[in-house]
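Student: Sharing a structure here in structure tokens format.
Bear in mind that the values in this text are calculations on the coordinates, not laboratory data. The structure displayed is predicted, hence computed values, not measured ones. Glycine also receives a Cβ, built like all others from the backbone with ideal geometry; neighbour counts cover every protein chain displayed.
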Amino acid sequence: MTDIIVSVAEFKAKLSKYLAVGRSSNRRIIIMKRKEPVASVIPYNELSHKSAPLEGLAS
């Protein structure tokens, strides 16, 4: 399947929608800023090293 390509602004505005679509279709989401890829959200089952969930964000 093809990746979902979306701008930072669009991803931010519709985060829940993109996560649901990515999960249900098992597709990666490529987040772009000014036509350059800046991040990727991949389905959890694609992780090569699955660790315990983090308790919170580190500072």
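Student: Could you pull out the trypsin sites (Lys or Arg not before Pro) across segment 1-55 that fall in loop regions by DSSP (anything but H, G, I, E, B) with no more than 11 other Cβ atoms inside 10 Å? Before the final figure, lay out the partial values.
Tutor: Values: sites: Lys12, Lys14, Lys17, Arg23, Arg27, Arg28, Lys33, Arg34, Lys35, Lys50; in loops: Lys14, Arg27, Arg28, Arg34, Lys35, Lys50.
When the trypsin sites (Lys or Arg not before Pro) of segment 1-55 are filtered for loop state and at most 11 Cβ neighbours within 10 Å, Arg34, Lys35, Lys50 remain.
Student: On to the next question. How much net charge surrounds Ile5 when only other residues with a Cβ under 11 Å from its Cβ are counted (Lys, Arg +1; Asp, Glu -1)?
Tutor: Net local charge, Ile5 excluded: +1.
Student: With all distinct Cα pairs included, what does the Kirkwood hydrodynamic radius of segment 4-43 come out to in Å, to one decimal, could you say?
Tutor: Working: mean 1/r = 0.1011 Å⁻¹.
Hydrodynamic radius (Kirkwood, Cα only) of segment 4-43 equals 9.9 Å.
Student: Summing Lys, Arg as +1 and Asp, Glu as -1, what charge do residues with Cβ under 15 Å from the Cβ of Val21 carry, Val21 excluded?
Tutor: On the way: positive: Lys14, Lys17, Arg23, Arg27, Arg28; negative: Asp3, Glu10.
So the surrounding residues net to +3.
Student: Separate question: I want the antiparallel fraction of DSSP beta bridges within the chain, as a percent rounded to 5.
Tutor: Values: 5 of 9 bridges.
Once the DSSP bridges in the chain are tallied, antiparallel ones form about 55 percent.
Student: Pop out the ³J(HN,Hα) list for segment 16-25 in order, Karplus 6.51 cos²θ - 1.76 cosθ + 1.60 with θ = phi - 60°, rounded to Hz; leave Gly and Pro as x.
Tutor: Ordered by residue, 3J(HN,Hα) equals 4, 4, 5, 5, 5, 5, x, 5, 5, 9 Hz.
Student: Continuing with the same structure: Return Leu19, Leu47 ranked ascending by Cβ neighbour count within 10 Å, so the fewest neighbours appear first.
Tutor: Leu47, Leu19
Student: Oh, and also: Can you give me the relative contact order of the chain as a percent, contacts being Cα pairs under 8 Å and 6 or more apart?
Tutor: Values: 57 pairs, mean separation 17.5, N = 59.
Across the chain, relative contact order equals 30 percent.
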